[in-house]
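Let me begin by presenting the structure, written as structure tokens, before commenting on it.
Here, each number is a calculation from the coordinates, and none is a lab measurement. Because the structure is a prediction, the values reported are computed rather than measured. Glycine also receives a Cβ, built like all others from the backbone with ideal geometry; neighbour counts cover every protein chain displayed.
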Amino acid sequence: EDKEIVAIYKSGTQQYFIDQGDGFKAAAEELGYTAKIINVELDANLAISAVSDAIASGAKGIGITAPDQAMGPAVSRAAAEAGVLMVATDDPIMQEDGNPVPFVGFDGKAMGTEVGKRAGELLVESGWLDGAKYGVLSVEVQTLSVCNDRTNAAQEQVIAAGASADSIVHVSYDGTADTSLAATGPVLTSNPGIDKWVVFACNDEGVLGANNALKNAGYGPDDVIAVGLGAYEACRPWKAGIPSGFKAALYLSGTDVGDAAARTLINSIETGEPLPLKTVANTTIVDPSNYADVMPCD
Amino acid sequence: MSSAILDVQGVGKSFPGVKALSDVNMKVHPGEVVAFVGENGAGKSTLLKILCGDYTLDEGTVYLDGAEVSHASPLEARDAGFRLVRQEPEIVPHISAAENIFIGEYPRLPGGRVDHAEMRRITTDLLERYGFAGVLDIDALGRTLSPAQQHIVEILRALKEGVKVVAFDEPTSSLTTKEADRLFALIRKLREEGLGIIYVSHRLHEVMAISDRVVVLKDGVPTGNLMIKDTDEEEIVRLMVGRELAHGYKRDEVTTDEVVLEVENLRSRWHDGISFQIRAGEIVGFAGLVGAGRTELAKVLFGEFEKEGGTVKICGDVKDIRSPADAIAANIGFAPENRKAEGLILVRSVIENASMAVYSALARFGILRTQQMVDKVSPFVRQLEIKTPSMEQEVGKLSGGNQQKVVLARWLAAAPRLLILDEPTRAVDVGAKAEIYRLIDDLAKQGMAIMMISSEMPELLSMSDRIIVMRDGVISDPIEKKDATEEAIVNFALGTKAA
Amino acid sequence: MPTEDKTVSITEQAAPQMAPEGPGLFKRITNAVGAENLSLVIALIIMVALITTQTEFFFSPRNLMNIGQNMAVVGLIAVGMTLVIVSAGLDISVGSIAGCASVVCALTVTQMGTVIGGVAFGMGIGVVLGLINATIISILRVNPVVATLATFSAFRGVAFLIAPGGRPIGVLDQNLAWLGSGRLFQTETFPGLPVAFIILIIVACVAHFVMSSTVFGRSIYSMGGNPVAARLAGINLTRMRYAIYAISGALSGLAGVIVTARTSSGQPASGTQGLELEAITAVFLGGALMAGGKGTIVGSMLAVLLLATLSNGMNLLGIATFYQLVAKGLLLVLAVAIGQWRLARAEKQQSKLAAAGK
Amino acid sequence: MPTEDKTVSITEQAAPQMAPEGPGLFKRITNAVGAENLSLVIALIIMVALITTQTEFFFSPRNLMNIGQNMAVVGLIAVGMTLVIVSAGLDISVGSIAGCASVVCALTVTQMGTVIGGVAFGMGIGVVLGLINATIISILRVNPVVATLATFSAFRGVAFLIAPGGRPIGVLDQNLAWLGSGRLFQTETFPGLPVAFIILIIVACVAHFVMSSTVFGRSIYSMGGNPVAARLAGINLTRMRYAIYAISGALSGLAGVIVTARTSSGQPASGTQGLELEAITAVFLGGALMAGGKGTIVGSMLAVLLLATLSNGMNLLGIATFYQLVAKGLLLVLAVAIGQWRLARAEKQQSKLAAAGK
Ligand SMILES: Nc1ncnc2c1ncn2[C@@H]1O[C@H](COP(=O)(O)OP(=O)(O)OP(=O)(O)O)[C@@H](O)[C@H]1O
Ligand SMILES: Nc1ncnc2c1ncn2[C@@H]1O[C@H](COP(=O)(O)OP(=O)(O)OP(=O)(O)O)[C@@H](O)[C@H]1O
Ligand SMILES: O[C@@H]1[C@@H](O)[C@H](O)OC[C@H]1O
Ligand SMILES: [Mg+2]
Ligand SMILES: [Mg+2]
């Protein structure tokens, strides 16, 4: 009964976090612990409540992906006061004194950088930089700072690869494929001179929506270089052998992050050793040729 | 401006499509009862609403106790001493009766608190003083008050501190004779106290009995301002309607043997074994005091209230009626007494309200055409002289009596075998009343059976073939027309003598 | 006879309301749209004028068709919501119903390979969930707001539970995709009418006909305006409620199917969240009364168009999210305020006319 | 005389409500809570019983205090929402107001270093935004649903525009944090009463007093129950509306301040995830009527407690999100259905009594 750890996720109904929760639970059970998952649906206030509920239920360790990074001091203080171990998953957070909370995962900036790098490479390879009329669609949840970290980093990398800063067009959505689709349509209309598009977003849903809008507007798969983030949507056309705008995607294994978070916490609980400051999970850029070796796809 | 406490000079008011009042002049003196009469839609309520600050006038001037109050807000009008007892009481449902009496002017304690003790004290005093003691539980919630109790609340609201002029807008339309008598006593008392009183009614005998002077309105224009002692009902009617009206209504006797409604040993929460019959072409009047259970009987027959025993046969067939829809399917119609709460969809048009009960009859495969609706109901709208700028007008914007006529039009159009009318002429003017009697008579002649609940004795006596008197959930034996007298009815109703 | 005179004032014509001023074309437009909706048209015109001064692309056929396509999901839900609100109810669970339908549709298409089945089952689950709403309201006598707030939560949970592992279900079927993004009557120069938009138009026309010309539709107005009076006029409120919530459910289900078709995946939540507020906004903006008894399909559809145009225009102009949020708020207030102002003016004018002796 | 007798029969008391049965303790509890709220208490008892069979942690003082703390944000908003809904209005913008206040409070504390200033400005901006709502409703005559749906969007945009770069603002001030997570009367064995909970209790008590005993409060019931009667009785509806929406704004602002204090950051999007729906749910669950004129602070607070306990219990038991959503829906239906069933039974009994000759 005492052997319990809890994971709190900012967006627990998203596929990525469902995976992460599965990884977290499986690892905990393997090590003789029970695990609980709490979803707070991007609500900072609920996140604090979840931390106190977890503590009250006797958790020995907490993994948290906070809805926003500024709330780090609040959650870490609550855990520290109760003498409960805490790791931050996915999005790094700070303690009150400015020191980072031990972290498991990858940070948004790093993700965006990888996505942008691959998009830049594909752009160079495509030869569009030599005179083609191209644009870069940056599909952004502008109200979410962790999202902006990703797309900003991706933009930097694409520009570093040679794209002009003018070519970047911002599209705002709310994280779902449907709003990305609705918002991208008019953006394409108001840029009628552009024949080729590079696409990235905060997540695979954003890229998927933009891809569909491009298809609706008559762009063929060859006119689009879309790099996903998450790869769970990108892999579907690959698996089905259908050509699509998705040329590559950053695969983040939610399962691996959850697994690593649980193991890190349990190790410290059992041994009393301090938590390692940073446990970086693998990310891999996948494409139609290698995704099947790296990730599941359903 | 002599000693007039209220002085209305040259008042005019228009609504979209209607000129409701033009150049109205009238005065009320302290200790004087001025009656205000006119057909439905003549503008009586509109003038009163202007005086109480509900509507703003378009032209003219109003003086109250010498001060101009032409553009007073409801608050200013009230503080100046003008109080209106409305035609339809406006009750707040989830606060107590006492609070209802005091809304907008609660007695205060320090800190903005309501002085409940003071409020109860004043309310109890008022109830005593004006003869309503025991009739109203002052802690009952507004929504549980019966129509008569609501009326008492409305009256007491007006009679608090500072009142100079009280206007009663058709106060007796939901009262029985006994309660009306109590109200007249009240009005006489107020007159003695030196208040100015305006009395609006369609019941001319009441006007003759209670008032000192009468102002007649026709289509928003004053057509007469007479001392009661110098005039009579005929003259007033002529001024109102512009022609002579026959006194009372004479029906031809129609007798058939076909029984349309047969009720046997009916029991319900309110009724204890009631049996009676209504034949085709027959009008059976239902008399009784308020609370005798007549409305409930109508609603049980119509499937709105639960029947706990007994049988109901329509044209010989036993019908198991559990909802109004069942009742309509069994060819029964019901025009309720409380038009605002139960009869009308106030935000919808005249045409829709009038045709609601014939939708299914008019439709083919569920499809309706507006034109068919108009064709079906406009004859009744015309015969009932419903005064409306168009068939599309929202019913909520019609005058009180015209609203009542819309409900009647609905059931006239539906032409059921059995028609139950609960207070069919409440708030209806004399001219239209005669017209309604003629229509009801026609329907009876065509073979409809009519159950008519009424608290107006002359109406019962002149219209009914037989009269059944109800008391505490039981009924008298039917009184045949030839034996029907006011005395016989009252005796059974009060339980002083078996009928 | 004086009596006769009076009856002449009754207009025999029940048909279209008069506009207070203006002849010919203007009046004909007014009649078609309904005087009450004119303020929405005015707001739309002002907004389009503003947008076109900033970008030449607004009127490109492709953009217009885009707007049409993007209206479909909210539009279908708003049609059902109009029925519900006019009947003095409310349905907060519509987005969750759409989520369930999206999942059911995706499962049907991927497991059984039938697109027609996907549409049918998607709408079917919508009907079932709508009937559950009606049951809670009618039988358990829970008020519609609480009842559908409850099922808003419960149905969302159900959507996740139906989807294996709670994950979105990829559907790559081309025929299904056609429903979401296909076009009809495409030519060289014309980008074609979006299929989803055509579906919306057909549904809206049928609903308009039902609301204005059938016993069922008129009864919805009656029961919304005064349930007691409606019941006493023979309307079976319970049965009506079942039908109304079932229709709202079916249309929410259809909207969910279109979300699946558009995004090529069955989404338990994404794409269907917040739809309830959008649809409710549209219905009230379209002139419905909170208390029930008033509201039209035309009004609701104009409101959906207005909202879709605003969002399209702001995306065309590349306006940032924060300003988009503010602009949307201002537009809503403006559109309703124009309507109120016109109403007040018209009443004043008509009273003046009446005062002047007709 | 028959008339006299009967009129007393079916009356329902306005003051302390009678329970139809039971003496002594039970009756006294009933009276304190109000018979109408008894169903919430019953639902709460059933739920707590279920939870405690599954976990021993529920009744730990620490957990109980947790529940209290978690109630504060929704609770404060629900207090204001009760006033609004009783007055026959609605305020959908509360979450967005909380977001603005959260940002303003964070900015004040970080830039000017004053916590009192942060609280004051946070509540101040709430008042200002509430007055804007009232103005739109009263002056522009937009219905409350559309008006606050509009400002729901606009105020959210404003919150992001105020926050530099639209990002959450970190606040490390200890005094501010105390408001959100501090405890009073802490001892060895007792974890202390959460400051945020005490604030809620004080606000709720004041509001209860205002609603039940002051002229202002009683006038809210009048204007909600029958606006015509209220207006004609001289109650200034416009002024009332300004006061009511300002109070709702101030309390939403205070809730935003507490969000900042709890999360150590100014959250422009606080409440994106449906604070408004949560508060509205609580108020209706607490017995308010959609049409206005009915509802109590006690009822709303019990409903907030019920919802907070449910969520706490499910987190304690580690129930997965999907099932939590379903369970929440079921609880809502259950709680209201119990109430309806009790009401129906009580009415039947009373009228039986009445029929049996009073
Ligand atoms: N709010 C309103 N909007 C439009 N027209 C109105 C409004 N109120 C009254 N009217 C119209 O003004 C005229 C006068 O109505 P009013 O209610 O004063 O009549 P009344 O004399 O009281 O009739 P009744 O005896 O039927 O009560 C009617 O034609 C009515 O339809
Ligand atoms: N809503 C209500 N709440 C409480 N008591 C009511 C209510 N409606 C009616 N009653 C009571 O029920 C009894 C029957 O009332 P009702 O007035 O309908 O009788 P009635 O014979 O139809 O009289 P009338 O039609 O002359 O008013 C009365 O005691 C009345 O006070
Ligand atoms: O929040 C993100 C989610 O949006 C993405 O899909 O996967 C990684 C997470 O950190
Ligand atoms: Mg009148
Ligand atoms: Mg009666």
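The table for this structure:
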quantity: Share of alpha-carbon pairs per 10 Å distance bin for the range C:60-336, given as whole %; calculated: 7, 29, 35, 22, 6, 0
quantity: Most positive-pole-ward Cα, C:277, C:172, C:88, against dipole of the range C:60-336 from beta carbon charges; calculated: C:88
quantity: Karplus-derived HN-Hα couplings along the range A:127-141 (A = 6.51, B = -1.76, C = 1.60, θ = phi - 60°), whole Hz, x at Gly and Pro; calculated: x, 5, 5, 8, x, 6, 8, 10, x, 10, 8, 9, 9, 10, 8
quantity: DSSP bridge orientation in the protein assembly as shown - percent antiparallel, rounded to nearest 5; calculated: 45 percent
quantity: Residue-averaged [θ]222 nm for chain B, counting only DSSP H segments that reach four residues, each worth -39500 (n - 2.57); calculated: -9500 deg cm²/dmol
quantity: Dipole axis of the range B:259-494 (+1 Lys, Arg; -1 Asp, Glu on Cβ), positive-most option in B:295, B:383, B:452; calculated: B:383
quantity: Charge context of residue B:356, other residues only, Cβ under 10 angstrom, K/R +1, D/E -1; calculated: +2
quantity: Inter-chain Cβ neighbour average for residues D:68-75, partner chain, 10 Å; calculated: 3
quantity: 7 Å along Cα→Cβ, label-point gaps from residue C:345 to other copies, nm, shortest first; calculated: 6.0
quantity: Long-range HN-HN contacts of residue A:38 with modeled amide H, under 5 Å; calculated: A:7, A:8, A:9
quantity: Residues residue B:482 and residue B:208, FRET efficiency given R0 of 22 Å [Cβ-Cβ distance, rounded to 0.05]; calculated: 0.15
quantity: Percent of beta bridges antiparallel (DSSP, chain B, rounded to nearest 5); calculated: 55 percent
quantity: Copy-to-copy label separations for residue C:198, where each label sits 7 Å from Cα toward Cβ, in nm and ascending; calculated: 6.9
quantity: Karplus (6.51, -1.76, 1.60) ³J(HN,Hα), θ = phi - 60°, over the range B:359-371, in Hz, Gly and Pro reported as x; calculated: 3, 5, 5, 7, 7, 10, 6, x, 9, 10, 10, 4, 4
quantity: Dipole magnitude of chain C, debye to nearest 20 (Cβ charges: Lys/Arg +1, Asp/Glu -1, about Cα centre); calculated: 440 debye
quantity: Net charge dipole size for the protein assembly as shown [Lys, Arg +1 and Asp, Glu -1 on Cβ; Debye, nearest 20]; calculated: 1400 debye
quantity: Amide H contacts under 5 Å for residue B:109, placed H, 5+ residues apart; calculated: B:114, B:115
quantity: Integer Hz, Karplus 6.51/-1.76/1.60 couplings in order for the range B:181-186, x for Gly and Pro; calculated: 4, 4, 5, 5, 4, 4
quantity: Nm distances between copies for residue C:184, ranked from closest, using label points 7 Å along Cα→Cβ; calculated: 6.8
quantity: Estimated inter-spin distance, residue B:143 and residue B:129, nm [label 7 Å along Cα→Cβ]; calculated: 3.2 nm
quantity: Theoretical ellipticity at 222 nm over chain D - DSSP helices of four or more residues, -39500 (n - 2.57) apiece, nearest 500; calculated: -24500 deg cm²/dmol
quantity: Loop-located trypsin sites (Lys or Arg not before Pro) in the range B:267-372 whose Cβ has at most 13 other Cβ within 10 Å (DSSP); calculated: B:322, B:369
quantity: Simple spin-label estimate for residue A:165 and residue A:26 in nanometres, 7 Å along Cα-Cβ; calculated: 4.6 nm
quantity: Sequence ranges D:90-102, A:16-28, B:56-68, ranked by mean other-Cβ count within 10 angstrom, highest first; calculated: D:90-102, A:16-28, B:56-68
quantity: Dipole of the protein assembly as shown, positive end: most advanced residue of B:344, A:73, B:414 [Cβ charges, Cα centre]; calculated: B:414
quantity: Number of partner chain Cβ atoms within 10 Å, mean per residue of D:332-341; calculated: 5
quantity: Efficiency of FRET between residue B:256 and residue B:308 - r from beta-carbon atoms, R0 25 angstrom, step 0.05; calculated: 0.20
quantity: Shielding of C:45-58 by partner chains, average beta-carbon count, 10 Å; calculated: 1
quantity: Chymotrypsin sites (Phe, Trp or Tyr not before Pro) restricted to DSSP loop in the range D:46-124 with at most 13 other C-beta within 10 Å; calculated: D:59
quantity: Normalised per residue, the volume of the convex hull around the Cα set of the range B:259-494 (Å³); calculated: 118 Å³
quantity: For residue C:192, distant residues with modelled amide H under 5 Å away; calculated: C:187
quantity: Charge sum, other residues only, whose C-beta stays under 10 Å from residue A:108's C-beta, Lys/Arg counted +1 and Asp/Glu -1; calculated: -2
quantity: Debye log10 I(q)/I(0) for the protein assembly as shown, one point scatterer per Cα, at q = 0.04, 0.05 Å⁻¹; calculated: -0.29, -0.45
quantity: Local electrostatic count, residue C:182, Cβ distance below 13 Å [Lys/Arg +1, Asp/Glu -1]; calculated: +2
quantity: Efficiency of FRET between residue B:277 and residue C:140 - r from beta-carbon atoms, R0 35 angstrom, step 0.05; calculated: 0.25
quantity: 29 Å Cα-Cα threshold exceeded, pairs from B:307/B:340; A:133/C:328; B:49/B:299; A:10/A:133; B:19/B:405; calculated: A:133/C:328; B:49/B:299; A:10/A:133
